[in-house]
Amino acid sequence: MNAFSSETSLIPARMTSEHVRSLLAQRRPGYGLPGNFYTDPDIYAMDLAVIFEREWIFIGASCEIPKPGNFMTAMIGPTPIIVLRDRQGELRAFHNTCRHRGFKLCEASHGHTPALICPYHRWTYRLDGTLAHAKYMPEDFKPEEFPLLPVHLRTAGGTIYVCLAEEPPDFAPFQEAMTTQLAPHGLENAKLAYEDNLIEHGNWKMVMENSRECYHCATGHSELMITFLDIYDFANPEQNALIRGYWDKWDRAGFTASVAEGPDYRAARLPFTGSAQSITMDGSPAVSRPLGQSPADAYGSLRWVHYPSTFNHCLNDYTVLVRMLPIGPEETMVTTKWLVDADAVEGVDYTIEKLTKVWRVTNDQDKALVERNQAGVRSSGYRAGPYSPSLEAGVLKFVDWYCGKLSPRQLGVGRERVAS
């Protein structure tokens, strides 16, 4: 067993590949999922085993932990992880679990420490994960046999992803695409200005689906619509000219304006409406000091999504990162992070109120929408309907990706380990 090995994930006994096939057979092409995909505890357990313990999961930005000893934590389902900078400044990820009796090492979301000390029995780990001290152990105890278990970590343009799998999927295509897309936005030279956590009482897929469309924006997000178009329609001459003009500014500045897309991600630059310069309650900039090197007068955002756990916006003056992690069959933790230039001064260059208000209002609105939608799919009268090809193409792409992850080949027909 190598350093990244862990016990085989359990797929619940009732969630055999045959049963999954029969459930997915109920779904018509272009339609939503059957209701039990949003409510069934066994399907939730399967989601953890097949997706959240196998795929690359977004954690945050490297600027959140700029110095040796800085750390941040997250929960991927029931699994606590910690990401830190070691004494050489390298990023590392570990299971946030003591090798003695499994005690969770760090509770704080962010912090600084010269070593990781278990609060239970004081086992002490260096920042490279090796065990430095364990008192009252027998003479034949070998500390080198009990390091923290590492977790795979990759970065892309100043953002951090981890994977719990022994053999993670290929990260290179996404890394290459997003390193190029994020290059102008200076995330390595940013700082975390504010972070907010919100529990939405809805399945993680419901939360992701809601984030992938703006069909609901005109009626659900009046504040956001000060700067957004709900439809970016290239067939509309006025909108086509607006988008092409925005892209031309990026091309002239020497940066890419092309859309980057793969099976589990998409990144696109889109302009704001009218005279808006930022996503704020009135469209004016939230931060007087720019973040990155966006072209002058190119007011819009790089909007990017990566399944299964994040969507984000990089603007001229700030970046907002949204992480969605499941905490139960019908509960999701939504974490929003606001990044500004590292030298921006709160109270001088920005205020937390203006920086965060439109997104906090939008998040509260989305929470209400998701929870009401979750209540509806619990109903015995729920029947999945068709997606709008023009306004819900992003939802359809995500749901098709999800269904592909539950294919017999992905599940491993005839060899899955099931819980009795």
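Add +1 for every Lys or Arg and -1 for every Asp or Glu among the other residues with Cβ under 14 Å from the Cβ of PHE94, and state the total.
Details: positive: ARG85, ARG92, ARG99, LYS104, ARG126; negative: ASP86, GLU90, ASP128.
Around PHE94, the surrounding residues sum to +2.
The alpha carbons of the chain give a radius of gyration and a Dmax of 22.3, 79 Å, in that order. For the range 114-236, the relative contact order is 12 percent, taking Cα pairs closer than 8 Å that sit 6 or more residues apart in sequence and dividing their mean separation by the residue count.
Highest mean first, the peptides 182-192, 103-113 sorted by other C-beta atoms within 10 Å per residue fall in the order 182-192, 103-113.
For the range 57-156, the mean projected area of the C-alpha convex hull, equal to one quarter of the hull surface, is 6.4 nm².
Residues in the range 392-407 carry Karplus couplings, in order, of 10, 4, x, 5, 4, 4, 5, 5, 5, 4, 4, 4, x, 6, 9, 5 Hz; the curve used is 6.51 cos²θ - 1.76 cosθ + 1.60 with θ = phi - 60°, and Gly or Pro positions show x.
How high is the relative contact order of the range 57-156, given as a whole-number percent (alpha carbon pairs under 8 Å, six or more residues apart)?
RCO, the range 57-156: 23 percent.
Evaluating 6.51 cos²θ - 1.76 cosθ + 1.60 at θ = phi - 60° for every residue in the range 236-241, the Karplus couplings come out as 7, x, 5, 5, 4, 5 Hz, glycine and proline recorded as x.
Amide H to amide H, with H built 1.01 Å from N, GLY60 comes under 5 Å of ILE160, counting only residues 5 or more places away or on other chains. Please label the shape of the range 130-209 as rounded, prolate or oblate, based on the square roots a ≥ b ≥ c of the eigenvalues of the alpha-carbon gyration tensor (a/c under 1.5 means rounded; beyond that, a/b larger than b/c means prolate, else oblate). Prolate shape, in that a/c is at least 1.5 and a/b is the bigger ratio. Karplus-derived 3J(HN,Hα) values for the range 144-153, using 6.51 cos²θ - 1.76 cosθ + 1.60 with θ = phi - 60°, are 5, 8, 10, x, 4, 6, x, 10, 4, 9 Hz; glycine and proline are entered as x. For TYR194, the residues whose modelled amide H falls within less than 5 Å of its own, excluding neighbours fewer than 5 places apart on the same chain, are TRP338. P(r) tail for the range 187-377: Cα pairs beyond 27 Å make up 28% of the total. Pairs of Cα atoms nearer than 8 Å and 6+ residues apart set the relative contact order; for the chain it is 21 percent. By the Cβ distance rule of under 4.7 Å, the chain has these cysteines without a partner: CYS63, CYS106, CYS163, CYS314, CYS403. For PHE103, the residues whose modelled amide H falls within less than 5 Å of its own, excluding neighbours fewer than 5 places apart on the same chain, are CYS98.
Bear in mind that the values in this text are calculations on the coordinates, not laboratory data. Everything quoted here is computed from the prediction, not taken from an experiment. When we count neighbours, we look across all protein chains shown, and the Cβ atoms used for this are built from the backbone with ideal geometry, even at glycine.
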